[in-house]
C-alpha cells in the first residue's frame with residue numbers, strides 16, 4: 001500500500017528535490033490481486049494549500065461531494081483507496097483551497113490523459129509489462145562524439161496524416177513503421193520528437209504542457225509509444241525527446257497555481273510570468289519541482305527507453321526570462337547540473353542537448369569541470385549567420401564573407417550541433433528554399449549548396465522534417481508535409497540529392513570523426529570574399545583520410561580553378577560529391593576524372609590541384625593513392 005511509504009522521511013527528500021521516482025508514489029496506481037486482476041486504485045496527491053480534495057470521475061458519474069480524499073499528512077498529502085477495476089476511467093481532482101477557491105485539476109502525475117478538448121486524466125497502468133525487442137540496440141549503441149550524428153526532427157501529427165480532420169492522425173506504431181521505411185534510404189541516425197507529453201493546444205506543438213507523465217493520446221497509448229521507440233531501435237535509430245522543463249501552460253486545469261498557490265512556479269510574478277509565450281515559468285530551485293522533473297526524465301529513460309533529451313529554451317533557464325542583465329539563475333543552473341549527473345549515471349551514452357542562444361560559457365562541459373553538463377549545444381549563431389548569408393543576393397555576399405567563416409572562430413568553445421529546425425520554417429519565415437534569392441534554378445542551387453555546407457561543417461546535425469523535400473511552403477502543423485511535390489522534377493531531384501548527401505555524410509569518417517578536435521578541420525582559403533569562395537579540409541582519425549571541400553557561392557563558373565591541397569603527388573583526388581550534378585538539377589559542371597596532384601604551391605600548401613567549379617555549388621574531393629602506370 002502506497003500510503004504506508006508516505007512519512008516524514010519520504011516528504012523530506014521529496015521537498016528537498018532528491019526524490020527520483022516520485023511518480024511511484026503520486027498519481028493513480030492500480031492495485032492487483034495474486035491473479036493479476038485489478039481490484040482497486042490508489043490516488044495520492046500533494047496539495048499543501050488544499051483544505052480538502054475530492055475526486056470526480058467516471059466511477060462516480062463526475063459527481064461532487066461523493067468521493068473525498070483523506071489527508072494523511074499535515075504537509076498536504078491526500079489519499080484515497082477506491083475498490084474496483086477502474087482502468088481506463090477518466091478522473092479529475094476538485095481542490096478546495098484554504099482561501100476558499102474551488103479548482104478542477106488534472107493529475108500532475110497521471111500516466112494517461114483524455115483526448116483534447118477533454119481535460120481529464122485517465123487511470124492507466126504504464127507498468128504493465130511491455131516485451132521489448134531492442135536488446136541489440138541497448139547493448140551495442142555507443143557514444144556519439146566521434147560518430148555520425150544526423151537527427152531528423154519530427155512533429156508526429158504533421159509528418160503524414162490519414163486525412164485533414166482534427167484527429168486524423170496515424171498511430172505511434174503506424175508512424176514508426178512508415179518512418180523506418182522512409183529513413184532507410186537516408187543517413188539519419190536519430191529521430192527527435194517534438195513534445196509528446198500531454199498538451200491541450202495543437203498549435204503549441206507540445207511546448208505548453210499540462211501532463212508531463214501522460215503520453216498524448218492523439219497518436220495512441222503509452223504502450224503504443226513504447227512500441228514506437230522499440231521499432232526505431234530495432235532499425236538502428238535513436239530516439240530523442242523534446243523536453244520543456246522551463247515553463248508550463250497556464251490553462252486552469254494544469255499545473256499552474258495548482259493548489260491556489262504557485263506550487264511549482266516562482267513565487268513572485270516578475271519571475272513567474274512569461275509574457276512572450278503566455279506561459280508560466282517553473283521554479284527549478286524548488287525541491288518539489290526538481291523531484292517532479294528529475295523523476296520525469298528518468299521515467300522516460302526507464303519505461304520508454306528514450307536515448308536523450310533536447311532541452312527547450314535553455315537561455316531562459318540560465319537567465320531569468322532569458323535576460324542576462326538580470327543575472328544568472330543559480331537555482332536553474334544547479335538543476336541542470338544535477339539533471340546531467342543523474343542522466344549520465346543512468347546511461348553515459350545519453351544525449352543531453354541544449355537549445356541555447358546565450359553566450360553563457362561551458363554549457364557542454366561536464367559538471368566535474370564546472371560546466372552545465374550538456375553534451376551538445378545548438379549552434380544558434382551558425383544558424384542565424386548562415387541563413388542571413390544565403391538570403392543575400394550573391395552580388396552582395398562578398399561584403400558578408402565572414403558570416404560563414406566566423407563560426408570556426410568560436411566552434412571549439414562548446415560541442416556544437418548545427419540546427420536547421422522547425423523554428424526556421426514557421427511564422428512567415430519561409431521555407432529553406434524560398435529564403436534563397438534569384439530565379440527557380442538559383443534557388444534550388446543555393447538550397448543544395450546550403451545543405452552541402454551544413455554536412456561538411458564540423459558538428460553534429462539536425463534537420464527538420466520536410467527540409468529534404470525543398471518545399472516552397474513553410475511548415476504547417478495542421479496538415480501533413482507536401483509529399484505531392486515529389487511528382488515535380490525539381491523537387492524530386494532535390495529529394496534525391498538529400499538522400500545521397502546524407503548517406504555520404506554517414507559513410508565518410510572525415511565528416512564526423514574529429515568534429516570537436518582542432519586537427520579535424522583546416523582552412524585552405526578562408527579569405528576569398530571577392531569570389532565568395534570557401535575552401536577547407538576535413539580529417540578523419542587517420543589524417544590521410546580527408547576530404548577537400550570547395551564552396552562557390554556565386555553563379556560564376558570556372559573551367560580551371562587551382563586550389564591548395566593536403567595530399568602530395570603520390571595521391572590523386574576524386575570528386576565524391578558535386579551539388580551541381582544534372583541529376584540534382586544542376587548544370588553538370590563536374591570533375592569526372594581523377595585529378596592529378598601537382599607540386600605547385602598554392603594557398604600556403606606545398607601541392608595543388610586544378611578543378612572545374614560550377615555555379616552556386618559545393619564540391620567534395622577525396623584523396624586516394626595514385627594508380628601506378630605500367
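Which one of 622, 599 is farther than 21 Å from residue 449 by Cα and in contact (Cβ under 8 Å) with a residue 24 or more places away in the chain? Break it down stepwise before answering.
Working: 622 fails: farther than 21 Å from residue 449 by Cα.
599 is the lone residue from the list that is farther than 21 Å from residue 449 by Cα and in contact (Cβ under 8 Å) with a residue 24 or more places away in the chain.
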Exercise. Of 530, 580, which residue is under 33 Å from the mean Cα position of the chain (by Cα), modelled with pLDDT of 95 or more, under 23 Å from residue 393 (Cα atoms) and not in a strand (DSSP E or B)?
Worked result: 580
Exercise. Can we say residue 17 is on the phi > 0 side of the Ramachandran plot and buried (at least 19 other Cβ atoms within 10 Å of the Cβ)?
Worked result: yes
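Each row is one residue, and each column tells you yes or no for (1) outside any helix (DSSP H, G or I); (2) under 19 Å from the mean Cα position of the chain (by Cα); (3) over 30 Å from residue 251 (Cα atoms).
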{"position": "185", "(1), (2), (3)": "yes, no, yes"}
{"position": "188", "(1), (2), (3)": "yes, yes, yes"}
{"position": "200", "(1), (2), (3)": "yes, no, no"}
{"position": "203", "(1), (2), (3)": "no, yes, no"}
{"position": "209", "(1), (2), (3)": "yes, yes, no"}
{"position": "218", "(1), (2), (3)": "no, no, no"}
{"position": "226", "(1), (2), (3)": "no, yes, no"}
{"position": "232", "(1), (2), (3)": "no, yes, yes"}
For this session: Select from region 128-148 the residues that are in a loop (DSSP other than H, G, I, E, B), in contact with a helix residue (DSSP H, G or I) (Cβ under 8 Å, 6 or more places away or on another chain) and over 22 Å from residue 540 (Cβ atoms) and list them in ascending order.
Result: 128, 130, 132, 133, 134
For this session: Looking only at region 87-100, decide whether some residue is touching a strand residue (DSSP E or B) at 6+ places or on another chain (Cβ under 6 Å), within 20 Å of residue 127 (Cα to Cα), surrounded by fewer than 17 Cβ atoms within 10 Å (Cβ to Cβ) and at pLDDT 95 or above.
Result: yes
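Go through 465, 454 for me and flag whichever is modelled with pLDDT of 95 or more, in contact with a strand residue (DSSP E or B) (Cβ under 9 Å, 6 or more places away or on another chain), crowded, with 20+ Cβ neighbours inside 10 Å and within 22 Å of residue 576 (Cβ to Cβ).
Values: 465 fails: within 22 Å of residue 576 (Cβ to Cβ).
Just one listed residue meets the conditions, 454.
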Exercise. Which ones in region 599-625 are within 36 Å of the chain's Cα centre (by Cα) and within 19 Å of residue 543 (Cα to Cα)?
Worked result: 620, 621, 622, 623
Exercise. Within region 66-80, can you find the residues that are surrounded by fewer than 18 Cβ atoms within 10 Å (Cβ to Cβ) and free of Cβ contacts under 8 Å to residues at least 60 places away in the same chain?
Worked result: 66, 68, 70, 71, 74
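Just give me the residues in region 505-527 being under 23 Å from residue 604 (Cβ atoms) and under 23 Å from the mean Cα position of the chain (by Cα), in sequence order. Working first, answer last.
Pass one, region 505-527, residues under 23 Å from residue 604 (Cβ atoms): 510, 514, 517-527.
Within region 505-527, 514 is the sole residue that qualifies.
Of everything in region 234-257 that's under 19 Å from the mean Cα position of the chain (by Cα) and part of a loop (DSSP other than H, G, I, E, B), which residue is nearest to residue 283 (Cα to Cα)?
At the first step, the residues of region 234-257 found to be under 19 Å from the mean Cα position of the chain (by Cα) are 236-248.
If we keep only those that are part of a loop (DSSP other than H, G, I, E, B) too, we end up with 236-237, 244-246.
Working: 236: 37, 237: 34, 244: 13, 245: 10, 246: 8 Å.
Ranking the candidates gives 246 first.
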Problem set entry | Failed item in (1) farther than 13 Å from residue 47 by Cβ; (2) touching a residue at least 60 places away in the same chain (Cβ under 8 Å); (3) not in a strand (DSSP E or B), with residue 91 passing the rest | (3)
For this session: Name the single residue, out of those in region 306-336 being outside any helix (DSSP H, G or I) and within 20 Å of residue 278 (Cα to Cα), that is farthest from the chain's Cα centre (by Cα).
Result: 323
Exercise. Are any residues in region 149-158 over 15 Å from residue 459 (Cα atoms) and in a loop (DSSP other than H, G, I, E, B), and if so, which ones?
Worked result: 155, 156, 157, 158
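The values are calculated or read from the model by the stated rules, or taken from the named source; none is laboratory data. Everything numeric here is computed off the predicted structure, so don't read it as measured data. Neighbour counts run over all protein chains shown; Cβ positions are idealised from the backbone, glycine included.
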